[in-house]
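Below is one structure, written out as structure tokens; the observations come after it.
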């Protein structure tokens, strides 16, 4: 994860925004995925999820709803469903550990040829 410092929209001063680090961008590209133009999200083919999980710290993952980081069981269940394999990242020991996590989602669609495809999206 990286940070981008920009002028604040709502107040005078500056604001920090999470974004993909150069290392994260390279990893997504290496795994056959694609980063969004604003560097705040990336999408991977679903079959590349195991390779992603081998290379990242599982404690950086998050799933909706917002309350998930407070419950290790709920977070593990939500992530396992979205990632298609058992994942147990635990809960952050420090409340600041919630900030900057990768929010995981899973999407599916049917291609023009009728083939069902899935992808995994991660957003910062």
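The values are calculated or read from the model by the stated rules, or taken from the named source; none is laboratory data. Note that the coordinates shown come from a computational prediction; the quantities given were computed from them, not determined experimentally. Positions of Cβ are backbone-derived with ideal geometry, glycine not excepted, and every protein chain shown enters the neighbour counts.
For residue 51, the conditions (1) surrounded by 16 or more Cβ atoms within 10 Å (Cβ to Cβ); (2) part of a helix (DSSP H, G or I); (3) modelled with pLDDT of 85 or more all hold with the exception of (1).
Scanning region 76-104 for residues that are modelled with pLDDT under 85, surrounded by 12 or more Cβ atoms within 10 Å (Cβ to Cβ) and either outside any loop (DSSP other than H, G, I, E, B) or in contact with a strand residue (DSSP E or B) (Cβ under 9 Å, 6 or more places away or on another chain) (or both) returns 89, 97, 98, 100, 101, 102, 103.
What about residue 7, is it more than 13 Å from the chain's Cα centre (by Cα) and at pLDDT 80 or above?
Values: more than 13 Å from the chain's Cα centre (by Cα): yes; at pLDDT 80 or above: yes.
Spelling it out, residue 7 is indeed more than 13 Å from the chain's Cα centre (by Cα) and at pLDDT 80 or above.
Quick one: is residue 18 at pLDDT below 85, closer than 27 Å to residue 90 by Cα, touching a helix residue (DSSP H, G or I) at 6+ places or on another chain (Cβ under 8 Å) and not in a loop (DSSP other than H, G, I, E, B)? Even if it seems obvious, please write down each step before you answer.
Details: at pLDDT below 85: yes; closer than 27 Å to residue 90 by Cα: yes; touching a helix residue (DSSP H, G or I) at 6+ places or on another chain (Cβ under 8 Å): no; not in a loop (DSSP other than H, G, I, E, B): yes.
It is false that residue 18 is at pLDDT below 85, closer than 27 Å to residue 90 by Cα, touching a helix residue (DSSP H, G or I) at 6+ places or on another chain (Cβ under 8 Å) and not in a loop (DSSP other than H, G, I, E, B).
Looking across 43, 60, one residue alone is in contact (Cβ under 8 Å) with a residue 24 or more places away in the chain and more than 18 Å from residue 119 (Cα to Cα). It is 60.
Identify all residues within region 1-15 that are closer than 15 Å to residue 123 by Cα and exposed (fewer than 15 other Cβ atoms within 10 Å of the Cβ); write none if there are none. Spell out how you get there, then give the answer.
Taking region 1-15 and keeping what is closer than 15 Å to residue 123 by Cα, we get 1-4.
Result: 1, 3, 4.
Can you tell me which residue within region 16-36, out of those that are out of contact with any strand residue (DSSP E or B) (no Cβ under 6 Å at 6 or more places or on another chain) and more than 14 Å from residue 121 (Cα to Cα), is surrounded by the fewest Cβ atoms within 10 Å (Cβ to Cβ)? Looking at the filtered set, the residue picked out is 22.
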